[in-house]
1. Of (1) farther than 25 Å from GLY189 by Cβ; (2) modelled with pLDDT under 95; (3) not hydrophobic (A, V, I, L, M, F, W, C), ASN13 satisfies all except one. Which?
2. For ILE141, are the conditions met, namely being in contact with a Leu (Cβ under 7 Å, 6 or more places away or on another chain) and either assigned to a helix (DSSP H, G or I) or assigned by TED's automatic domain parsing to the domain that holds ILE201 (or both)?
3. Report the residue count in segment 130-158 for those that are more than 17 Å from LEU64 (Cα to Cα) and surrounded by fewer than 18 Cβ atoms within 10 Å (Cβ to Cβ).
4. Listed residues VAL57, VAL18; which is modelled with pLDDT of 95 or more and touching a helix residue (DSSP H, G or I) at 6+ places or on another chain (Cβ under 8 Å)?
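The values are calculated or read from the model by the stated rules, or taken from the named source; none is laboratory data. Quantities reported herein were computed from a predicted structural model and do not represent experimental measurements. Using ideal geometry, Cβ is built from the backbone for each residue, glycine included, and neighbour counts are taken over all protein chains shown.
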Amino acid sequence: MLTTFLSVFIFFNLFYLVARYKEDFSVIDIAWGLSFFLIIITSTFSIGSIESTRTLVLLSLVGLWAIRLSGYILFRSLKIGKEDYRYAQWRKDWGDNANLIAYFKVFMLQAVLALIIGSPLIIFHFNQKSSIGFGTTLDFIGLAVWGLGFLFETIGDHQKNEFKKDIKNQGKTLQTGLWKYTRHPNYFGEALLWWGIFLIILNQSPWYFILWGPLVLTILLLKVSGVYLLEQKYEGNKEYENYKKRTSSFIPWLPKAN
């Protein structure tokens, strides 16, 4: 466990140094997904080796999600070529103390949150001796939930990226594809896939120890970062307000009639 904590601390400090060098706090978004891959790798090899099929499955699922998400954000950042609007506003608000405040309120805070959300991946390895082989009904339900979540996040990001490519869509609101049924299919997908991982780990760990991971992530997406910040960004936008009235905020559902 100590190895995992130290690795995550060093990892986010390295990204902080990169952010200082590039004068771009938004590089933290690239670190977010990869930090969970780091958590499960260090937790796995702290016990010496891969002890079960379940461990191998979890490594694959977390690794695939982390590399896809961080790769997508890296590609998007290179394309935009400037600091994300959220961090640029914070840099402006924090003034001369921006670097110091960002170290604690952005980089170290996300390091702590990554450890909390990723805690089921750490706790899971304490029960390796009582390992149950992968293949239970709960495992396949978890795998299906993870797969659905991964599709929502990946397809949602792709549809949004394609929409923004067309200069005619500048200032407009995406309302087709998955975005017709939920205003935030990518965030819904991210929450859902972590609940899938929760179900897979549930075979080997008590629910009350591992519930906090996906629960904290879902609350953050809904009330603190993802959904909350984007809803604020488009507040007052007439097209978005109309879209908001007929489209589910998070969980996909049929749109309301105009």
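1. Result: ASN13 fails condition (2) only.
2. yes
3. Pass one, segment 130-158, residues more than 17 Å from LEU64 (Cα to Cα): 130-141.
The next check asks that each one be surrounded by fewer than 18 Cβ atoms within 10 Å (Cβ to Cβ); those that pass are 130-133, 135-138, 140-141.
Final tally of qualifying residues: 10.
4. VAL18
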